[in-house]
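The values are calculated or read from the model by the stated rules, or taken from the named source; none is laboratory data. These figures come from a predicted structure and were not determined experimentally. Glycine gets a Cβ as well: all are built from the backbone with ideal geometry, and neighbour counts include every protein chain shown. Keep in mind that these areas ignore ligands, DNA and RNA; they rest on the heavy atoms of the full protein, side chains included. Shrake-Rupley method; radii C 1.70, N 1.55, O 1.52, S 1.80 Å.
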Amino acid sequence: MQLHIDDTFSKELPADPITAHTRRQVFKACYSLVKPRIPSQPQVIHVSELYKELGLSETDISSEAFKATFSGAKVLEGTTPYAMCYGGHQFGHWAGQLGDGRAINLMEVLHQDQRWALQLKGAGETPYSRSADGLAVLRSSIREHLCSEAMYHLGVPTTRSLSLCLSGDQVWRDMMYDGNAAYEPGAIVCRAAPSFIRFGNFQILASRGDKETLTQLVDYTIKYLYPEIDIDSPSRFSTLLKAVSEKTLDMIVHWQRVGFVHGVMNTDNMSILGLTIDYGPYGWLEGYEHGWTPNTTDRQNKRYRYGHQPAIALWNLNQLANALYLLQPEATPFQEILKNFQATYLKKYYEMMSQKLGLVQHKDVDRDFINQLEKNLELVETDMTIFFRELSKILPSDTSKVTINKISLAFYDQSKLDDTASTLWQEWFDAYLKKLNADNQDQRTRQTAMHKVNPKYVLRNYMAQLAIDAAEKGNYNLIDELYQLLKNPYAEQPDMEKWYAKRPEWARTKVGCSMLSCSS
Ligand code: AMP
Ligand code: MG
């Protein structure tokens, strides 16, 4: 197995001088050297096609070397694994140092001009493990592996997942924090991204007033991740914030488009590249609902609910701005960028929604019409994915009565539509039909365009759970079936139609399907 290794983060940024794994506060450093824990009986259970992008072959991925490297059993020669030091705001409160408590960066690989940092999740303790064990369980690893790849194929900026391994060890977890702890199979995912730097990497240095290391980290970030920024400019700190804010905004518009709810948008889970990172208690909207969050740990405040994700992204960017302000103490440029976020977000959001509706982009998008749709979608439980997909079947010549029937598959219980709700829908469809007629687009062209932004298949919460239930019994077939399905989420895939269905009733209250906790 030949990888073109090209480490930069660990070569160019300051290291913690201590190499023991003991938990500690780490100062004046961006990372600590660590060694992955040796798994007792590693087994590779799935590999994604990302291997090709790393320059690996099919023979490589079935080799002993691949298994040893990506389960943490053996450190590749010439590499120096490390855990990153970062802090973060958790649920709105500054939490101090957090860091890679169970993520271990193996190396950076260059292939066809693309840089990939490869990182194991669940590979054992680091100085940042605090009171936890550094491990990950099979259920959450399956969820991370499948969802990272599904998001990538949906066109959502995300970290990727190369492989999923069983460690052969048992991990003690209290899944719902209710006193019912049990042993679960341990697993290790190898995830990949151009970089795993988070907002929190900057925050921890700023919180300690460590301007020197903070400048080094900013300059590293510009050099490798934002090379278009002038590294010699004294205003590069606010320019970086602007670039990060644009990427973050783009990511959130995509989340809203596909109905993805991250669940734990703490600042340590915000990538400096605007990638979706740290797949924990995330979920997909089934019934469209602005107030929904999958994360039971956030049940009270619902801070990270679907409809609040854009506001939280801005809140998090504010925290990043506070960190960078230390190096460029002028409020105005930072404030301008943050002020712009809201207006730009709304503009992009409404444009994206008009695309979902298959409408021609006019100069002024009809925001009231889209706001009314959001309200209608909550009148009775309505499946988001199915609604938008079915919408492309509507013809400009239809009557509003026909249109409601055409999207009826999206309603969980159509009989719950009372007179008021039916009238609201009829009014909305009347307006929609008027717009379609005014646009006068070719039906085929419109449908094709709608199918490119409205996925037919997403990783519904219960689907991941079915794959988990089977895997816990030793059957890994469904992992691959879902992986294959979600490689083409916009395609019709007639043999896979069974996955184009609303959440079954049994999944409504099942743990893992609609309720997840941070425990993984
Ligand atoms: P998360 O909410 O998963 O993003 O994690 C928040 C912080 O807790 C990060 O610093 C993680 O590295 C750390 N963490 C989460 N789970 C574990 C674990 N099992 N062992 C060690 N650290 C963990
Ligand atoms: Mg995290």
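Looking at region 467-480 only, could you name the residues that are open to solvent by 50 Å² or more (accessible area, probe 1.4 Å) and either touching a residue at least 12 places away in the same chain (Cβ under 8 Å) or in the same structural domain as ILE386 (by TED's automatic domain parsing) (or both)? It would help to see each step written out before you state the result.
Of all residues in region 467-480, those open to solvent by 50 Å² or more (accessible area, probe 1.4 Å) come to 472-473, 475-477, 480.
If the condition is that a residue be open to solvent by 50 Å² or more (accessible area, probe 1.4 Å) and either touching a residue at least 12 places away in the same chain (Cβ under 8 Å) or in the same structural domain as ILE386 (by TED's automatic domain parsing) (or both), then GLU472, TYR476, ASP480 are the ones that fit.
With a cut-off of at least 2 residues that are surrounded by fewer than 24 Cβ atoms within 10 Å (Cβ to Cβ) and either small (Gly, Ala, Ser) or free of Cβ contacts under 8 Å to residues at least 24 places away in the same chain (or both), name the helices (runs of 4 or more DSSP H) lying wholly within region 126-242. If you could, list the steps in order and put the result at the bottom.
Numbers: elements: 138-154, 199-207, 211-225.
Because the criterion is at least 2 residues that are surrounded by fewer than 24 Cβ atoms within 10 Å (Cβ to Cβ) and either small (Gly, Ala, Ser) or free of Cβ contacts under 8 Å to residues at least 24 places away in the same chain (or both), the helices (runs of 4 or more DSSP H) in region 126-242 that meet it are 199-207, 211-225.
Would you check which residues across region 283-336 are aromatic (Phe, Trp, Tyr) and either open to solvent by less than 60 Å² (accessible area, probe 1.4 Å) or farther than 21 Å from LYS348 by Cβ (or both) and list them? Break it down into steps so the answer makes sense when it comes.
Going through region 283-336, the residues aromatic (Phe, Trp, Tyr) turn out to be 284, 288, 292, 304, 306, 315, 325, 334.
Of everything in region 283-336, those that are aromatic (Phe, Trp, Tyr) and either open to solvent by less than 60 Å² (accessible area, probe 1.4 Å) or farther than 21 Å from LYS348 by Cβ (or both) turn out to be TRP284, TYR288, TRP292, TYR304, TYR306, TYR325, PHE334.
Test PRO396 against the criterion of being closer than 30 Å to THR215 by Cα, surrounded by 14 or more Cβ atoms within 10 Å (Cβ to Cβ) and more than 27 Å from the chain's Cα centre (by Cα), and give yes or no. First the steps, then the outcome.
Numbers: closer than 30 Å to THR215 by Cα: no; surrounded by 14 or more Cβ atoms within 10 Å (Cβ to Cβ): yes; more than 27 Å from the chain's Cα centre (by Cα): yes.
No.
Name, by its number, the condition in (1) surrounded by fewer than 19 Cβ atoms within 10 Å (Cβ to Cβ); (2) closer than 23 Å to GLY280 by Cα; (3) free of Cβ contacts under 8 Å to residues at least 60 places away in the same chain that does not hold for LYS487.
The number of the failed condition is (3).
Would you check if there is a residue in region 268-278 being away from ligand 1 (no atom under 16 Å from the Cβ) and outside any helix (DSSP H, G or I)? Reasoning before the result, please.
Let us first name the residues in region 268-278 that are away from ligand 1 (no atom under 16 Å from the Cβ), namely 273-274.
Next, from what is left, pick out any that are outside any helix (DSSP H, G or I): 273-274.
Yes: one or more hits.
Which ones in region 86-114 are more than 9 Å from ligand 2 (Cβ to nearest atom), touching a strand residue (DSSP E or B) at 6+ places or on another chain (Cβ under 8 Å) and of a type in the set (Asp, Glu)?
GLU108
Of all residues in region 421-464, which are in a helix (DSSP H, G or I), touching a residue at least 60 places away in the same chain (Cβ under 8 Å) and in contact with a Cys (Cβ under 9 Å, 6 or more places away or on another chain)?
Within region 421-464, ASN461, ALA464 qualify.
Condition test on VAL264, is it among the β-branched types (Val, Ile, Thr), within 21 Å of the chain's Cα centre (by Cα), in the same structural domain as ARG115 (by TED's automatic domain parsing) and within 16 Å of ligand 2 (Cβ to nearest atom)?
Working: among the β-branched types (Val, Ile, Thr): yes; within 21 Å of the chain's Cα centre (by Cα): yes; in the same structural domain as ARG115 (by TED's automatic domain parsing): no; within 16 Å of ligand 2 (Cβ to nearest atom): yes.
Against the criterion (among the β-branched types (Val, Ile, Thr), within 21 Å of the chain's Cα centre (by Cα), in the same structural domain as ARG115 (by TED's automatic domain parsing) and within 16 Å of ligand 2 (Cβ to nearest atom)), VAL264 does not qualify.
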